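Just below is one structure, and these are the notes that go with it.
The values are calculated or read from the model by the stated rules, or taken from the named source; none is laboratory data. Keep in mind that what you see is a predicted model, and the values were worked out from it rather than measured. Note that each Cβ is placed from the backbone with ideal geometry, even for glycine, and that neighbours are counted across all protein chains shown.
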Amino acid sequence: MASLVPGINNMSAGKQLSRVGLSNGIVISSNGLYANKNLIMVDGLFNMNFGCQCAGNANPEMDTISEVHILTNNYSARYGYAGGAQILVEIKSGGSQFHGEANDLVRNDAFDARNFFSPKVPKLDQNIFGYDIGGPLYIPGKYNTNKNKTFFWAQHWQLI
């Protein structure tokens with residue numbers, strides 16, 4: 001997503017950006033500044049290794065992310081640690097009502113095209129089932145009876 005923002009360049013030409021933009025030696029530059037001038041935050045916490053100015057260990061899955069903000073200039077003083085891009089990631093959280101979803105990511109040969117040099121489509125049958133659920137944590141009559149204090153959100157994927 002960072003490479004779609006004006007002013008951000010992939011400094012590793014010919015390579016794909018990694019999940020958070022700084023790990024594995026693949027770096028982004030914001031408005032001409034060095035890559036170590038960027039800041040990555042997950043839910044308001046620094047997600048950086050300040051020894052090497054590279055990404056930290058918290059790599060959230062794509063389905064757990066609710067918002068991504070990439071600030072490149074004219075941002076508030078509260079983001080004053082680094083002068084480059086501010087990459088702010090927010091994780092999903094529960095709410096006062098229960099919500100959830102079930103998913104099936106289907107990959108099989110019925111959806112694939114034949115390779116130009118292959119006489120037939122290679123066999124592929126893959127289903128990845130998943131679900132997520134979120135809502136309030138409460139004990140009826142004892143804790144959080146208004147359902148406005150403690151929340152949860154959970155996710156699970158299973159490859160079959």
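Within the group N148, N144, which residue is free of Cβ contacts under 8 Å to residues at least 12 places away in the same chain, more than 28 Å from I28 (Cβ to Cβ) and touching a Pro at 6+ places or on another chain (Cβ under 8 Å)?
None of the others qualify; the one that does is N144.
Give I139, I91, I128 a once-over and let me know the one that is in contact (Cβ under 8 Å) with a residue 40 or more places away in the chain and either closer than 30 Å to K37 by Cα or of a type outside the set (S, T, Y) (or both).
Within the list I139, I91, I128, the selection yields I91.
Can you name the residue in the stretch 37-54 that is part of a loop (DSSP other than H, G, I, E, B) and under 20 Å from I65 (Cβ atoms) and, of all such residues, is modelled with the lowest pLDDT?
My answer is N47.
Working only within the stretch 115-147, note down all residues that are within 19 Å of S93 (Cα to Cα), in a loop (DSSP other than H, G, I, E, B) and not basic (K, R).
Residues satisfying the conditions are L137, Y138, N144, T145, N146.
Among the residues of the stretch 69-104, what is the count of those that are outside any loop (DSSP other than H, G, I, E, B) and within 23 Å of F152 (Cβ to Cβ)?
Result for the stretch 69-104: 9.
Filter the stretch 58-98 down to residues that are acidic (D, E) and modelled with pLDDT of 85 or more, then give me how many there are.
2
Anything in the stretch 56-68 that is outside any strand (DSSP E or B) and either in contact (Cβ under 8 Å) with a residue 60 or more places away in the chain or among the hydrophobic types (A, V, I, L, M, F, W, C) (or both)? List them, or say none.
Answer for the stretch 56-68, where residues must be outside any strand (DSSP E or B) and either in contact (Cβ under 8 Å) with a residue 60 or more places away in the chain or among the hydrophobic types (A, V, I, L, M, F, W, C) (or both): A58, E61, M62, D63, T64.
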